[in-house]
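What follows draws every value from the coordinates through simple rules; no lab data is involved. Treat the numbers as computed from the prediction; the structure is a model and nothing was measured. For neighbour counting, all protein chains shown are included, and Cβ atoms are generated from backbone atoms with ideal geometry for every residue, glycine included.
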Ligand SMILES: Cc1cc2nc3c(=O)[nH]c(=O)nc-3n(C[C@H](O)[C@H](O)[C@H](O)COP(=O)(O)OP(=O)(O)OC[C@H]3O[C@@H](n4cnc5c(N)ncnc54)[C@H](O)[C@@H]3O)c2cc1C
């Protein structure tokens with residue numbers, strides 16, 4: 001049975017019980033506090049009945065035991081930067097805010113591991129391990145504010161995916177509190193383990209619907225000695241895509257290989273006058289190469305040769321952090337700049353096999369021709385086949401409906417080309433109606449059976465992942 005929002009007369013009793021279990025100071029119930037937990041990056045708004053700010057695994061376990069017994073929905077939340085509504089309490093109940101459980105518990109350089117609480121901000125972990133010359137590669141653009149717990153729940157990607165993989169590739173073991181409050185440990189803190197089923201992988205990307213992470217052990221790598229950035233301008237988008245494919249087919253694996261299309265370029269120019277992009281530029285590749293001094297030099301010169309052969313108009317390179325940062329500013333400027341086109345945006349994160357990128361871009365253009373009042377800007381991690389397709393629209397129900405229809409066409413085409421409807425942002429409630437476009441009925445039923453096994457009363461993040 002699905003959990004439902006707590007009935008008003010029950011709220012006082014619930015809060016009193018939570019005070020007793022977790023401590024008065026860790027429970028928020030004033031309306032102004034609850035409103036702060038009513039939204040996430042998807043811009044929806046649902047106010048929870050109460051917010052619990054656990055300080056320990058025991059607090060999480062006690063809260064879940066209590067919520068399970070009374071069938072109260074529980075919504076885990078990191079920084080609330082998710083783009084598909086994962087942390088939004090669509091059925092009220094309890095929001096579990098993990099920002100207080102933000103300690104790095106250990107870094108073991110000999111083992112190349114770190115164990116953290118879920119509320120640790122991703123960039124904080126990256127900076128702390130760098131002090132030991134170690135590297136935590138997953139690097140979502142939200143790294144300065146998103147949490148490791150949220151990253152694990154969404155299996156976040158980012159610009160380093162091509163060379164280093166995504167969050168799931170770095171999670172060795174998890175402490176998980178299950179819906180009934182029991183505590184389990186998955187995986188080992190070793191770099192290898194094939195004992196039994198891989199429960200860790202099941203929980204990574206489960207979007208807070210199967211269990212709640214209270215400790216996370218990640219794998220680390222040695223910090224690359226050096227990194228260099230290339231910004232490459234093209235007149236023809238096709239040349240940029242072919243150059244990207246050739247870089248990889250020549251056995252080169254850049255740390256980042258980003259594509260920016262014509263519409264996105266037009267926005268950046270209008271947004272930041274100081275970013276100089278000549279009029280004839282219709283596509284950009286932004287490429288990061290890392291390694292040791294010799295390997296970086298060799299790879300940079302090979303990549304320069306490949307992009308030149310593919311008719312690059314101009315190649316700028318940056319070696320020191322300040323210069324590299326200036327080039328990456330072009331990429332960072334895109335998201336805010338898109339609002340120059342129209343005030344509303346639906347941001348999709350489709351991913352297709354790399355061989356299908358050009359075809360996918362053509363199909364997006366063709367679809368866009370049938371929706372002339374909407375504008376599409378595409379950019380993203382071309383190395384992974386992961387394109388952020390932004391459908392920009394104006395105010396009004398009609399425009400919103402058109403944008404949604406267009407998105408559905410794009411997603412259907414993505415799946416037809418062997419791609420996935422979400423490369424990194426997850427399903428949440430925003431995309432649950434599209435899940436069956438990609439996942440066949442039998443596989444969908446297996447997913448639902450797993451959910452039922454681990455959370456028979458449906459208290460963990462109800463209203464997410466599956467249509468009801
Ligand atoms: C500007 C911007 C840039 C972004 N760039 C990227 C990007 O490059 N790549 C990318 O992949 N994503 C990106 N995102 C999306 C988002 O930042 C990621 O999904 C991120 O992992 C969410 O982390 P969070 O801490 O904000 O989690 P939240 O949004 O709070 O929660 C996300 C999900 O995790 C669950 N959750 C949180 N903590 C726990 C826990 N302890 N146990 C179990 N479940 C939990 C929540 O219930 C929810 O379902 C971006 C978002 C923004 C706003």
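Summarising the label geometry, the points placed 7 Å from Cα in the beta-carbon direction at residue 276 and residue 20 lie 7.1 nm from one another.
Figure legend: label point modelled 7 angstrom from the Cα of residue 11 along Cα→Cβ; residues of region 69-106 with amide N under 20 Å from it are 70-76, 88-97. Note on 430, 116: ascending count of other Cβ atoms within 10 Å places them as 430, 116, the fewest first. Treating each Cα of region 310-468 as one equal point scatterer and applying the Debye formula with no solvent, the log10 of I(q)/I(0) at q = 0.14 Å⁻¹ comes out as -0.85. Per residue, the convex hull spanned by the Cα atoms of region 226-335 measures out at 85 cubic angstrom.
The calculated FRET efficiency for residue 193 paired with residue 105, based on their beta-carbon distance and R0 = 22 Å, is about 0.65.
Gain on full extension, evaluated as 0.36 nm per residue between residue 404 and residue 71 minus their Cα-Cα distance, stands at 116.5 nm.
Against the chain, whose longest principal axis is taken from its Cα atoms, helix 293-309 shows a tilt of about 60°.
Please compute the modelled spin-label separation between residue 130 and residue 394, points set 7 Å along Cα→Cβ, answer in nm with one decimal. Taking the simple label geometry, residue 394 and residue 130 are separated by 4.4 nm. For the chain, what is the convex hull (Cα atoms) projected area averaged across all directions, in square nanometres? Approximately 22.6 nm², given one-decimal rounding. Here region 10-150 is described by how far its Cα atoms reach on the three principal axes: 52, 32, 22 Å, from widest to narrowest. The slack between residue 332 and residue 221, meaning 0.36 nm per residue of separation minus the straight C-alpha distance, is 37.4 nm. For the chain, the longest principal axis of the alpha carbon atoms and the long axis of helix 357-369 meet at an angle near 80°. Among 406, 447, the ranking by other beta carbons within 10 Å of each residue's beta carbon, starting with the fewest, stands as 447, 406. The spacing between region 56-75 and region 355-415, judged by their C-alpha centroids, is 40 Å.
Between residue 433 and residue 323, the distance separating the two model label sites (each 7 Å from Cα on the Cα→Cβ line) works out to 5.0 nm.
For region 126-239, the ratio of Cα radius of gyration to the globular rule of thumb 2.2 N^0.38 Å stands at 1.26. Once the Cα-Cα distance is subtracted from the 0.36 nm per residue extended length, the residue 55 to residue 362 segment shows a gain of 105.5 nm.
For region 260-316, the alpha-carbon coordinates run over 39, 22, 16 Å along the three principal axes, in decreasing order. Computed from Cα atoms, the angle from the helix 8-22 axis to the main principal axis of the chain rounds to 80 degrees. Each of 308, 200 has some number of other Cβ atoms within 10 Å of its Cβ, and from fewest to most they run 308, 200.
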